[in-house]
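*Asks:* First the structure, which I've put down as structure tokens, then a few questions once you've had a look.
The values are calculated or read from the model by the stated rules, or taken from the named source; none is laboratory data. Being a predicted model, the structure only gives us computed values, none of them experimental. Please note: Cβ atoms are built from the backbone with ideal geometry, for glycine as well, and neighbour counts cover all protein chains shown.
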Amino acid sequence: MSRLGDLLKGRAREEEGGWAREQVQRVPVDRIDPNPYQPRQAFDPESLVSLRESIRQHGMLQPIVVRRARDDGRYQLVAGERRLQAVRALGWEEVPAIVRSVEDRELAELALIENLQRQDLHFLEEARGYQRLLEEFGLTQRDLAERVGKGQSTIANKLRLLHLAPGVLEIVRQRGLTERHARALLQLDGPEAQREAAEVIARREMTVREAEAWIARRKEKDRQAGRKRVWVLKDVRLFLNGVEQLVKQVRASGVPVEWQQEQDGEWIELRVRVRRKGIEDRG
């Protein structure tokens, strides 16, 4: 069994009330540093209040898990972020804790798995947790899927959401769009189009089906506009080619002609100079 599997089995024993088999210590709360791999950015205030009141009335039924930090006398949280926040709010000076030897990768995996077991982890936090494990510890998506008990396609779909621009992800998070809304936004090219769509979807409070239909119409509109730009470009090229051919014909007839072509932003400027004497002589 893997080292992570052993740690998870230890957690299962704790949840069954068997954590007394391991040595529980009283660790000073002010010496516990947060888990640097904590994927959750926000905690539900109501659930924290409920947990705090439960601990106030019944005590802590399950200890937190920590590891010793490199600095003397300090610890780093492995599991139990909500419980630690609750006892801090209660003003506890010490907290029951199990001290384990945990490597960085195991620390990151445990933090993610602990949060995956709760239903309120935001899908973008989950995606960023996967991304960090892949980038910092060189895991493949297949390895990661096996470690966290998810399908590889699930991991890939979550990671794909992070292809959205940071500003778009902020709208998704702040305006309460769902994961399926975010996936629909990936159909649009470019951050500006995605941002506009996200704003419209949030403002109109669209369902996923309505959002997908709106995005499909937007894509068709963009496709038609792109086709029109192509035809305009072709027309301009035909015109320029026609002018060039005309200049060549005039020169071939013996009339001196000069012409220049310059592009200034959206405009193309043509300058044609014909020697008047040449025209008068022919007249």
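*Asks:* Would you mind finding the one in L161, L133, L90, L144 that is hydrophobic (A, V, I, L, M, F, W, C), surrounded by 19 or more Cβ atoms within 10 Å (Cβ to Cβ) and farther than 21 Å from R183 by Cβ? I'd like the intermediate steps shown before the answer.
*Replies:* Working: L161 fails: farther than 21 Å from R183 by Cβ; L90 fails: surrounded by 19 or more Cβ atoms within 10 Å (Cβ to Cβ); L144 fails: farther than 21 Å from R183 by Cβ.
Going through L161, L133, L90, L144 in turn, the sole match is L133.
*Asks:* Follow-up. Within the range 97-118, can one find any residue that is in a strand (DSSP E or B), surrounded by 14 or more Cβ atoms within 10 Å (Cβ to Cβ) and among the small types (G, A, S)?
*Replies:* Step one: of the range 97-118, the residues in a strand (DSSP E or B) are 97-99.
Now narrow it down to the ones that are surrounded by 14 or more Cβ atoms within 10 Å (Cβ to Cβ): 97-99.
Still in the list and also among the small types (G, A, S): 97.
Scanning the range 97-118 turns up at least one residue that is in a strand (DSSP E or B), surrounded by 14 or more Cβ atoms within 10 Å (Cβ to Cβ) and among the small types (G, A, S).
*Asks:* Can you tell me which of (1) surrounded by 14 or more Cβ atoms within 10 Å (Cβ to Cβ); (2) closer than 30 Å to Q25 by Cβ is the one I155 doesn't meet?
*Replies:* Answer for I155: the failing condition is (2).
*Asks:* Right, something else. Can you find a residue in the range 165-179 that is basic (K, R), at pLDDT 95 or above and either surrounded by fewer than 14 Cβ atoms within 10 Å (Cβ to Cβ) or assigned to a helix (DSSP H, G or I) (or both)?
*Replies:* No, the range 165-179 contains no residue that is basic (K, R), at pLDDT 95 or above and either surrounded by fewer than 14 Cβ atoms within 10 Å (Cβ to Cβ) or assigned to a helix (DSSP H, G or I) (or both).
*Asks:* Would you confirm whether any residue within the range 79-100 is polar (S, T, N, Q), out of contact with any Phe, Trp or Tyr (no Cβ under 8 Å at 6 or more places or on another chain) and within 23 Å of P28 (Cα to Cα)?
*Replies:* Within the range 79-100, the subset polar (S, T, N, Q) is 85.
Now narrow it down to the ones that are out of contact with any Phe, Trp or Tyr (no Cβ under 8 Å at 6 or more places or on another chain): none.
Scanning the range 79-100 turns up no residue that is polar (S, T, N, Q), out of contact with any Phe, Trp or Tyr (no Cβ under 8 Å at 6 or more places or on another chain) and within 23 Å of P28 (Cα to Cα).
*Asks:* With (1) at pLDDT below 85; (2) among the hydrophobic types (A, V, I, L, M, F, W, C); (3) crowded, with 18+ Cβ neighbours inside 10 Å; (4) not in a helix (DSSP H, G or I) as the list, and L61 as the residue in question, which single condition is left unmet?
*Replies:* Looking at each condition in turn, L61 falls short on (3).
*Asks:* Right, next: Considering only residues of the range 252-283 that are basic (K, R) and either in contact with a helix residue (DSSP H, G or I) (Cβ under 9 Å, 6 or more places away or on another chain) or not in a helix (DSSP H, G or I) (or both), which is modelled with the lowest pLDDT? Don't jump to the end; show me each part of the working.
*Replies:* As a first pass, look at the range 252-283 and keep what is basic (K, R): 271, 273, 275-277, 282.
Subset that is either in contact with a helix residue (DSSP H, G or I) (Cβ under 9 Å, 6 or more places away or on another chain) or not in a helix (DSSP H, G or I) (or both): 271, 273, 275.
On the way: R271: 83, R273: 84, R275: 76.
Within the range 252-283, the match that is modelled with the lowest pLDDT is R275.
*Asks:* Just checking, does the range 21-31 include any residue being in a helix (DSSP H, G or I), within 29 Å of the chain's Cα centre (by Cα), of a type outside the set (A, V, I, L, M) and modelled with pLDDT of 75 or more? If you could, list the steps in order and put the result at the bottom.
*Replies:* Just the residues of the range 21-31 that are in a helix (DSSP H, G or I), to begin with: 21, 29-31.
Those left that are additionally within 29 Å of the chain's Cα centre (by Cα): none.
For the range 21-31, residues in a helix (DSSP H, G or I), within 29 Å of the chain's Cα centre (by Cα), of a type outside the set (A, V, I, L, M) and modelled with pLDDT of 75 or more: absent.
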